[in-house]
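Visitor: First the structure, then my questions, so here it is.
The values are calculated or read from the model by the stated rules, or taken from the named source; none is laboratory data. Quick caveat: nothing in here was measured; it's all calculated off a predicted structure. So basically every Cβ, Gly included, is an ideal-geometry build from the backbone, and we count neighbours across all protein chains shown.
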Amino acid sequence: MTPSMSVSELLEAALYVQDLPAAEQFYTRILGLTLYSKIDGRHVFLRCGQRMVLLFNAEATAISAGGASDAPVHGTTGPGHLAFAVPLSEIDRWKEHLARNGVEIEKEIHWERCRSLYFRDPSNNSVEITSPLLWRIPEESILPPSVVPRPK
């Protein structure tokens, strides 16, 4: 059966963290994401290109915030995973950047079309930096930082 509707882009991805301030520092200072909004003790929302990375306090999102416009209860336990897209030509620079900032590379994998760097955030989530070529997605799909609108 062929679906009559199909989504075409991922808008946001979420990770659940134990220490929101540490996670905010890691994702903004080390990975260069831009703070969009936050509620202390509940969540930090970050811009990543044209998409969003949502960092939630797992305990807080397991309880309804109670407002009419609040999302339903959600969450997970154990480490999650996100992969960030960079041009293949920047993988070595990222490897050096992570090392300079004390981030240990857990594993480096040489795939058929590209390489991936795997490391952990302060809450033990698995983070990957790789080229979209991994999934046969053209690198032109990555917007340069100068094209990405910044939050006001």
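Visitor: Among the residues of the range 26-59 satisfying the criterion of being part of a helix (DSSP H, G or I) and touching a residue at least 24 places away in the same chain (Cβ under 8 Å), which is nearest to residue 77 (Cα to Cα)?
Guide: So, considering only residues that are part of a helix (DSSP H, G or I) and touching a residue at least 24 places away in the same chain (Cβ under 8 Å), the one nearest to residue 77 (Cα to Cα) is 58.
Visitor: Oh, and also: I'd like to check something: does the range 93-111 contain any residue that is within 22 Å of residue 33 (Cβ to Cβ), among the aliphatic types (A, V, I, L, M) and in a loop (DSSP other than H, G, I, E, B)?
Guide: Yes, the conditions are met somewhere in the range 93-111.
Visitor: A further question on this structure: Take residue 36 and tell me if it is of a type in the set (Phe, Trp, Tyr) and over 12 Å from the mean Cα position of the chain (by Cα).
Guide: Yes, satisfied.
Visitor: Please tell me if residue 83 is of a type outside the set (Val, Ile, Thr), over 28 Å from residue 141 (Cβ atoms) and either in contact with a helix residue (DSSP H, G or I) (Cβ under 9 Å, 6 or more places away or on another chain) or modelled with pLDDT under 95 (or both).
Guide: On the way: of a type outside the set (Val, Ile, Thr): yes; over 28 Å from residue 141 (Cβ atoms): no; either in contact with a helix residue (DSSP H, G or I) (Cβ under 9 Å, 6 or more places away or on another chain) or modelled with pLDDT under 95 (or both): yes.
No; evaluated as a whole, the condition is false for this residue.
Visitor: As an exercise: evaluate residue 77 against (1) farther than 30 Å from residue 136 by Cβ; (2) modelled with pLDDT of 90 or more; (3) of a type outside the set (D, E, K, R); (4) surrounded by fewer than 14 Cβ atoms within 10 Å (Cβ to Cβ) and give the number of the one condition it does not meet.
Guide: All conditions pass for residue 77, except number (2).
Visitor: A further question follows. With the requirement that a residue be closer than 13 Å to residue 84 by Cα and under 17 Å from the mean Cα position of the chain (by Cα), what does the range 103-119 give you?
Guide: Across the range 103-119, the qualifying residues are 116, 117, 118, 119.
Visitor: Out of 51, 29, 47, 100, which single residue is under 16 Å from the mean Cα position of the chain (by Cα) and surrounded by fewer than 11 Cβ atoms within 10 Å (Cβ to Cβ)? So that I can check it myself, show each step before the final result.
Guide: Working: 51 fails: surrounded by fewer than 11 Cβ atoms within 10 Å (Cβ to Cβ); 47 fails: surrounded by fewer than 11 Cβ atoms within 10 Å (Cβ to Cβ); 100 fails: under 16 Å from the mean Cα position of the chain (by Cα).
Exactly one residue qualifies, and that residue is 29.
Visitor: Okay, moving on. Of the residues in the range 95-125, how many are hydrophobic (A, V, I, L, M, F, W, C), out of contact with any Phe, Trp or Tyr (no Cβ under 9 Å at 6 or more places or on another chain) and under 22 Å from residue 49 (Cα atoms)? Even if it seems obvious, please write down each step before you answer.
Guide: Within the range 95-125, the first condition is being hydrophobic (A, V, I, L, M, F, W, C), and the residues that meet it are 98-99, 103, 105, 109, 111, 114, 117, 119.
Then drop every residue that is not out of contact with any Phe, Trp or Tyr (no Cβ under 9 Å at 6 or more places or on another chain), which leaves 99, 111, 114, 119.
Checking which are under 22 Å from residue 49 (Cα atoms) leaves us with 114, 119.
Number of matching residues: 2.
Visitor: Of all residues in the range 61-92, which are closer than 11 Å to residue 129 by Cα and of a type in the set (D, E, K, R)?
Guide: Scanning the range 61-92 gives 90, 92.
Visitor: Go through the range 115-152 and count every residue that is within 17 Å of residue 10 (Cβ to Cβ), part of a helix (DSSP H, G or I) and modelled with pLDDT of 95 or more.
Guide: Of the residues in the range 115-152, 3 are within 17 Å of residue 10 (Cβ to Cβ), part of a helix (DSSP H, G or I) and modelled with pLDDT of 95 or more.
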